[in-house]
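Some notes on the structure that comes next.
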Amino acid sequence: MVDVNAFLAAILPGVHQQTEFYIVHFVFIAVVYWIVHTVFHSFCKSSESSEFDTLLSSVKKLRDPGQLQIDLNTVKQHTTKLQKLNNDLKNKKNELQLKKKEIEKEIQKLKKQQMNVKEDEENINIDELQRIDSLIEIEQKRKNDLPDPRRLFQQEIDNEERSIKQLKIKSASVCNVFNNIEKFVASIKQKIKNALKEKKYTEGRRLQNVQKLAAEVLQKIKLREDYLFLSHGFTVDGDNWDDYECFVKGNFTSKEEMEHARRSGFTTRSDAYITYVNKELYKTLNEKYKNEFPKGTPLVCLCEEGRVEDVEGMIRGARVAGMDVTAMVSEVGTRSYGDSWTPLMMAAWKEHSTIIEILLQCNADTATTDNNGENALHWAAYNNKTTTTTVQLLLNNMKLEDINHKDTFGYTPLDRCYNYNNSSIKQQLIDLIRQKGGKRKSEL
């Protein structure tokens, strides 16, 4: 066996002791690093476990309907009673105010009589003065004896306000748990992916079990009446209860919708209200886009900008207003710069395939051409660079004569694709058009 120390001392005289120092120093640092890393990892794991256990505990509590739940019958009982007490208090105040005015009026009348008696200085009727004084004192006492209306209802009002305050605290806790569960369900998928990526299969299984449990609980929660109440922004107080009953009876989907319906003279989400809303939406969108794009036709500009929801809203509004929707989605208008386009051409040029589908469902005319004799397929074949979806949709809804239609320059859509489209999907577009019988002008 070789003596390492002796060997080092022999080949590195004078350095041996220094080498030992560095070795010991290195070992010491490594040990300290290992201890810190282990403690920190354990702390993080403990912290994650604590957070996990807290969420799991909340999920399990919500499985039991008796836990973390607001009884809306109790809410109604306290809020309606408090509302009644406040109304009674208001009525009592008005009643006592009237009595007070009547008494003051009577006192003024007696004082006037008293002045009249005193004016006759030569024949003052002392007995009459005394009688009037007595009456004034009686009326004054009646006035002073009027009860304080607040005291009549104070105790009951305080009791109801105290109960409602407790319900508010509980409802805040319930809302907090609702939010945590929703966030938990939304984020746990990523936690599972991370666990599987790190090959922590046991942790992944545990997370999957909790995910399943949480999803089931969340589904049940969304059927609960208190979830409907709290998730739509209603709070536990007397002013909100009547609104909530109107919300439920009217079958509204949001508080904003209910408030809009009320302002418009509707109490339920009836067909008449929906028709009214859609007509108003059409007017609003039409006016909005006329102002935003003074040179353009509103629907064409919507297709240009790719605003799917507004396209749907305008079409829905036009339909309930009795307009010819097919004509509206087919006619030539102008885009934001003022040149001529149909809604379908604009959506095809911009590759807005979702809007294309909407327009085709409304029977948009694929044969319509612009001032240069170009149809929607001409523009799609010319400019589509990211997807073949738009061209495929158009081809599925076009006649062969329109697929091979020549513009004023004599070019077919296939010519436009060959001559101007330099994208990575050019050949795919060419193949699609040819599969549907598309040809170049030289082939016709």
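Yes/no matrix, rows are residues, columns are (1) modelled with pLDDT of 85 or more; (2) more than 21 Å from ASP71 (Cβ to Cβ); (3) not in a helix (DSSP H, G or I):
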{"site": "SER134", "(1), (2), (3)": "yes, yes, no"}
{"site": "LYS170", "(1), (2), (3)": "no, no, no"}
{"site": "GLN208", "(1), (2), (3)": "no, yes, no"}
{"site": "LEU228", "(1), (2), (3)": "no, no, no"}
{"site": "ASP239", "(1), (2), (3)": "no, no, no"}
{"site": "CYS246", "(1), (2), (3)": "no, no, no"}
#### Entry: Tally of residues being among the hydrophobic types (A, V, I, L, M, F, W, C), surrounded by 13 or more Cβ atoms within 10 Å (Cβ to Cβ) and over 60 Å from the mean Cα position of the chain (by Cα) across region 90-120
3
### Query
So which of MET345, MET328 is under 18 Å from LYS399 (Cα atoms) and either among the hydrophobic types (A, V, I, L, M, F, W, C) or out of contact with any helix residue (DSSP H, G or I) (no Cβ under 8 Å at 6 or more places or on another chain) (or both)?
MET345
### Among (1) within 30 Å of THR80 (Cα to Cα); (2) assigned to a helix (DSSP H, G or I); (3) over 21 Å from the mean Cα position of the chain (by Cα) - the single one HIS260 does not satisfy
(3)
### Query
Looking at LYS93, LYS105, LYS143, LYS111, which is the one that is modelled with pLDDT of 90 or more and either within 30 Å of ILE157 (Cβ to Cβ) or assigned to a helix (DSSP H, G or I) (or both)?
LYS105
### Task
Take region 248-257 and flag every residue that is within 24 Å of THR80 (Cβ to Cβ) and part of a helix (DSSP H, G or I).
VAL248, LYS249, LYS255
### Task
Name every residue in region 128-184 that is over 30 Å from ASN86 (Cα atoms) and not hydrophobic (A, V, I, L, M, F, W, C), in order of residue number.
GLU128, GLN130, ARG131, ASP133, SER134, GLU137, ASN176, ASN179, ASN180, GLU182, LYS183
### Query
assigned by TED's automatic domain parsing to the domain that holds GLN97, β-branched (Val, Ile, Thr), surrounded by 13 or more Cβ atoms within 10 Å (Cβ to Cβ) and touching a Ser or Thr at 6+ places or on another chain (Cβ under 6 Å), is that true of VAL185?
no
### Task
Please identify the pairs in which a residue from region 95-122 that is over 15 Å from ASN144 (Cβ atoms) has its Cβ atom under 8 Å from the Cβ atom of a residue that is of a type in the set (D, E, K, R) and in a helix (DSSP H, G or I), counting only partners at least 6 apart or on another chain.
LEU110/GLU139; GLN114/ASP133; VAL117/GLU128
### Query
Of all residues in region 246-303, which are within 23 Å of VAL325 (Cβ to Cβ) and among the hydrophobic types (A, V, I, L, M, F, W, C)?
ALA272, ILE274, VAL277, LEU281, LEU285, PHE293, LEU299, VAL300, CYS301, LEU302, CYS303
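Residue-by-condition table, conditions (1) surrounded by 14 or more Cβ atoms within 10 Å (Cβ to Cβ); (2) not assigned by TED's automatic domain parsing to the domain that holds ASN179:
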site: GLN208; (1), (2): yes, no
site: GLN211; (1), (2): yes, no
site: LYS220; (1), (2): no, no
site: CYS246; (1), (2): yes, yes
site: ILE274; (1), (2): yes, yes
site: ASN286; (1), (2): yes, yes
site: ASN291; (1), (2): no, yes
site: GLY296; (1), (2): yes, yes
site: LEU299; (1), (2): yes, yes
### Task
Provide a single number: the residues in region 304-322 that are in contact (Cβ under 8 Å) with a residue 12 or more places away in the chain and either more than 25 Å from the chain's Cα centre (by Cα) or under 20 Å from THR275 (Cβ atoms) (or both).
13
## Note on the structure
Here the residues within region 325-351 that are surrounded by fewer than 24 Cβ atoms within 10 Å (Cβ to Cβ), of a type outside the set (Gly, Ala, Ser) and in a loop (DSSP other than H, G, I, E, B) are GLU331, VAL332, ARG335, TYR337, ASP339, LYS350, GLU351
#### Entry: Residue within region 81-94 that is touching an Asp or Glu at 6+ places or on another chain (Cβ under 8 Å), basic (Lys, Arg) and within 30 Å of TYR244 (Cβ to Cβ) present
yes
#### Entry: Scan of region 355-365 for residues that are surrounded by fewer than 20 Cβ atoms within 10 Å (Cβ to Cβ) and within 12 Å of LEU302 (Cβ to Cβ), ordered by number
ILE358
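The values are calculated or read from the model by the stated rules, or taken from the named source; none is laboratory data. On a predicted model such as this, the values are computed, not experimentally measured, just so you know. Ideal geometry is used to build each Cβ from the backbone, glycine not excepted, and the neighbour counts take in all protein chains shown.
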